[in-house]
Every structure is written in structure tokens, then in C-alpha cells.
Amino acid sequence: MLVGMSWSETLTLLPELCLLVAVCVALVAPVLPPLRAMFRASHSPLTALAIVALLASIISAIALLAGVGRLTPPDHAVLGGMVVVDQFALSVKIIIYFFTLLVIILWSNVTRNQVRLTDGPDYVSLVLSGALGMSLMASASNFLMVFLAIEAASFPSYALAGFNKQTYRSSEASLKYVLIGAASSALMLYGLSMLYGYYGTLDLVPIAQRVAAEGMSVGLLLGVFGLLIGIGFKLSAVPIHFWCPDVFEGASIEITTFLSVASKAGAIALLVRIMMTLGHFSSGEHARQILIGIGTFVGLVGVITATWGNLAAYYQTNIKRLLAYSSIAHAGYMIMLAGLLTASMDNMQPTEVAYALLFYLIVYACMNLGAFAVASVIARETGSESLDEYAGLGQRNAFLAVAMGCFLLSLFGMPLTGGFWGKVRFGFQMWNEGMWWLVVALIINTVFSLYFYLKPIIIMVWKQPTSSRALSVAPAMYGVIALALFGVFITGLAPDPSTAWAKRNADLVFAAAPDRSTTAEGERTPEAIAARIDTEAGQ
Amino acid sequence: MIGLGHFLTLSAILFGCGVATILTKRNAIGILMGVELILNAANVNLVAFNRFSWAGEAVAQGGVPAVDGLMFAMFIIVLAAAEAAIALAIFLNFYNHFSTIDIERARMLSG
């Protein structure tokens, strides 16, 4: 083997391997004759399989983060430079897996019975392979891996958006999603091919070093532009955001929840890694100008995305569309912060900015999960996703109304909730970087967003209910909503523990794979390889 | 002598055709064809850059010819096939509901 791969390197991908095994089991086990009857009887075995696999992934990711036994995060890129498993990547992965676990619980309590029993294995394997792709996005450090991870996250998402085959909306949503996704990934690939043509490598670290040494090039410009299209599609950044509300409305609600957080967490982690690696090596004055230019461009995209999302949310009457625009706006805030990262390497540690993002991801996952969980309960009970159904919710089920109010206010950024501290930390980082215009944009956007976050609350409190029937909620849903409420308030009232966790676990590694050509494998000249092939053939 | 410039010109033409197809076609399969044209433009780029720029350089430095670009092109071909499979399944489902795959008809969701 030319590129050797040791066990300790393979073990760093243990969380992904757990998911991969579960995907294979979910596809194969239901067609094996002894097990077929069990899987045809109910969805429960598959749900249990998914939960076990995700728990195994979470545990192995936590073990890697803590460095238990042989599971230690390596200080260099593994698998020949394809992926970096550093603390930041592992933290994002834990958030993604935990969120996927809650999505599976949401599915088993709300919409599971709409999925036919024969389709259950497909559904579970699609969700798990989507989570696999998203977690690879968080640690990709080679542009081939970036492309593979984005596609591995996208393909299951296309299929899941259209999983509800009987409905018109679902099929239209998946059509729009797949066309926009295919076009944006094709444009990204054209940019990446130019990057390869100019630099002769696809590894992120050597490219960043060359950029620092040589400054601007046409290849870099086209490559970064293509990459931003590809990542911007996953994050629903503004020129390519319009799939987001349609897909969120058309897909069933737990898929919407999945796409709104897990997919965006993976994409923002990828953007952060690329921007920070470029910034880490920017020593020369010439390179700094270019990187500040790229950072400003990304920040500007973030500002436009946040503003657009907040303004378009004004007219929404469907709760899923409202939350879709809200998630566009929040993606915009995160892109704004990512724009800082190219310039932030001189005067502060990279963890200083990365931790703010990690903290924000935790808060964002909690509040979005909660809002979508309440919306899914109401959609299931009333059969409609219109905001009119929220009229007088306080009288029909006070817990749901109070919880929804808390989640919406946290999304707005109300003090005492986690959303407030997330935005405050963003604002401080932007101010420290001297990007005062980003701070202004953040504040103005927060003020804008107050109206549409208050609209459902006003409807819930002051409008008369159309029906006085009490809403029944499954106990597990109470658990999920209570967990999300706990997350929102623990990060809001006592932000220090989660901040400390985020600070401790926000380290990124900027190092290529060690060069194996002269160590274990001997020389890599053509003659040496030919000689080795001869000796191996002779044995 | 055919050199790198010729291949880059070919890929630029393919890219232009692909973008024009995506922007003008109203048929979903037509758009998918445009996407495939762009993907193949990227493939031509990768293979040509690998052949003319980087394979030789690695040998000159005393290594084996670099194959990064070729590997990337292979992955693109495989994933383009997977993408087409998913896209066609979704188009078929759309056709079952709307009896057409004209994307102008996809306007139930808007706002």
C-alpha cells in the first residue's frame, strides 16, 4: 500500500463508522428472511436501531474529545490529508448527532405513521447517511472531501424532502431542491477545478500556504467563488436561498427540523475551517489584503442574508415558512461571524472566535428544535400549519403556548434566553475586530426581527380560539420540548458553563497530513516503486 | 500541437453552454443536462490540468505522476450518476402529480 493507514487513524472516524454500519444494517436487515416479519410489523426496531447508532456515535465522539484510551484526536490531518478530527470538528459533530437523535424521537412521535412500513428502512438510512455527510463536512480538509461531504449531505436531503410522495407540495419542494442543489454543486466543482489547476493540490493547508506566499490569483478567486456558492447553498445564503422556505414548507416537519440545524451546522463548520485556515497562514502584507477582502465579502453576504431573511419573514402566514426565513436570518448572522475569521488570526487566538460560534450553534439547535417541536404537535392535532391555528393557544394548552413564546423570544434574542448571549458574543467579537458595520447590521436586524417573532405570540395570546378542544401531547414530546426549554434557559440564565465548554473545545488544527513518502514507505521514485512491485510479485 | 489552452477553451465553451442551458430551459431534464455539461467542463479542466501541469512536475521532483485531478474527475463522474438517479426519481414523482416536468408549473409553494 502506498498510503498506509494505521488503526489509530481509522479510530478517529469511529463516530462516522458507527453511522455507516447502522445505514448498512438498516438497508440489509429488513430484507433478510428471518427478520423480515419483525421489520414489517412496526417501525419500532428501526427507530431503536437509529437511536442506538446515534448514541454510539455520540459516545465515541465524546470519548475522542476527552481522549479515552487509544481514542485521541490527532494533531494532523488523517486519511492522507482528507479529514481533520480536531476539537472543533468533534464538538460540531456531537451537536449534529445529538440533534439527529432528537429528530428521530420527533419522527417516532409525530409523523412516523405517515411513512409506510416498507419505506421505514429507506427513511432511517437516509436520515443517518445525511447525518454522516454533515459530520464529514465539519472535518473535511481537502477539497475532494469537501465536495464528497457536501454531496453526501445533499443527496439524502433531496430524497427526504420528497419522501412524502403522495403530496403535491412535497414533490414540488424536492424538485426545486434537487435542481438548485445540482446547479450550485456543479458551479462549485468548476471553481474547485480552477483551484486545482492553479495550485496543483486539493489540500487546504498547502493551498493556504501558497496563498500566503504568493497572494491573489485567478485560480484562488474562481475557487473561493465556487466554494462560496456550494457552501452558500447549504447555508441558504442570499442569492441561492429561495429553495429554503419552499423545501421547509413542503417537507414533513421533522425533516424541516433536521435541515434547519444539522445541515447548517455542518456547512458553517466547513466555512469556518476554510476561512480560518486561510487566515492562519496569512503572514505577508500582500496576502492579508486579499484575505481581508474575502472576509469582507463573506461578511457582506451574511449581512444581506440576515436582512433578506428578516424582511421576507414579515408576510408569512405559515409557521414553517416563518421559521424558514428565521433560519435564513440566523444563517446570515453566522456567516457574518465567519467573515471575521480570515482577519482574526493576528491579535487573538482562533478559539476566541470559534467558541462564539460553537456557543451559538448550541443555542440555535435548542431554540429551533423547540419551535419546530411545538409546531409539529400543533400541525398534527389541527392538521394545518397556518398561523391562524395558534389563535388562543394559551387557552387550549398553556404549556405549548408558553414554550413557543420562549422559543420565539429566544430566536429574537431576548435577554434571559440563550439567544441573547449568542448575539452578544457575536457582537463583541465583531467589535473587537473593528468591524463596527457588522455590529450595526446585527442590531438593526435584531430590531427588524422583533415584529415577526412577536406576531405568533400576539395571535396566541389575544386572538379568540377557533376551537376550544384541548390539545393532547405525547409524553415524549413533552420531554423533547422541556429539554429544548432547559437548553434555552440554561444558556440564558447561566451562560458560563456552556461558554466554558465551548471555549475548551473550540481548538482547530491547521496541519497537513505527515509526509509518508520518506518514512515508512521508502522512496517514492518510479524505480523504487517498480522494484517493490517486482519483489511483491515474486513472493 | 494541442496544449492546455485548447482544453481550457473547450471546458469554457462547455461551461458557457451549461449555464445557458440552465438559465433558458424550462424542462427539468433539460436543466439537468445543463448541470451535466458544467460537471463535464470541470472534468475536462481537472484531467487537462493534471496531464499538462501537475503530473509532469511530480515526476520532475522525483515522485510518481500525480493523479489527484484524475481521482477527482472519477469521483465527479460517479456522483453525477448518483445525482441523476435521485433527480430522475424526483422528476418522475413530480410528473405523477402534475403530468408535466415543466418547472413553471412548480408554483404551489411561494411567498
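Only the coordinates and a few stated rules stand behind these numbers; no lab work does. None of these values were measured; they are calculated from a predicted model. Ideal geometry is used to build each Cβ from the backbone, glycine not excepted, and the neighbour counts take in all protein chains shown.
Table for the structure above
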{"quantity": "Alpha carbon centroid spacing (whole Å) that separates region A:123-185 from region A:443-459", "calculated": "31"}
{"quantity": "Ratio of Rg to Rh over chain A (Cα coordinates, Kirkwood Rh, two decimals)", "calculated": "0.98"}
{"quantity": "Sorted largest first, extent of region A:202-358 alpha carbons per principal axis (Å)", "calculated": "52, 31, 25"}
{"quantity": "Whether region A:362-442 is rounded, prolate or oblate, judged on the alpha carbon gyration tensor where a/c under 1.5 counts as rounded", "calculated": "prolate"}
{"quantity": "Where only C-alpha atoms are counted, convex hull volume of region A:169-273 per residue in Å³", "calculated": "92"}
{"quantity": "Residue order, fewest to most beta carbons within 10 Å, for A:E352, A:E285, A:E433", "calculated": "A:E285, A:E352, A:E433"}
{"quantity": "For region A:110-154, alpha-carbon Rg relative to the globular expectation (2.2 N^0.38 Å, N residues)", "calculated": "1.45"}
{"quantity": "Helix A:350-382 axis, angle to chain A major axis (alpha carbon atoms, nearest 10°)", "calculated": "40"}
{"quantity": "Alpha-carbon centroid distance for the pair region B:33-60 / region B:61-111, whole angstrom", "calculated": "19"}
{"quantity": "Residue-averaged [θ]222 nm for the protein assembly as shown, counting only DSSP H segments that reach four residues, each worth -39500 (n - 2.57)", "calculated": "-24500 deg cm²/dmol"}
{"quantity": "Taking A:C24, A:C244, A:C18 and counting other C-beta atoms within 10 Å, the order from fewest to most", "calculated": "A:C24, A:C18, A:C244"}
{"quantity": "Compactness of region B:4-98, expressed as Rg and Dmax over alpha-carbon positions, Å", "calculated": "17.0, 60"}
{"quantity": "Folded to 0 to 90 degrees: helix A:264-280 orientation relative to chain A principal axis, Cα", "calculated": "40"}
{"quantity": "Chain A: angle of helix A:475-493 to the longest principal axis, Cα-based, in degrees nearest 10", "calculated": "70"}
{"quantity": "Pairwise label distance in nanometres, A:F428 with B:N96, each label 7 Å out on the Cα-Cβ vector", "calculated": "5.4"}
{"quantity": "Sequence of A:D86, A:D496 once ranked by neighbouring C-beta atoms within 10 Å, starting from the fewest", "calculated": "A:D496, A:D86"}
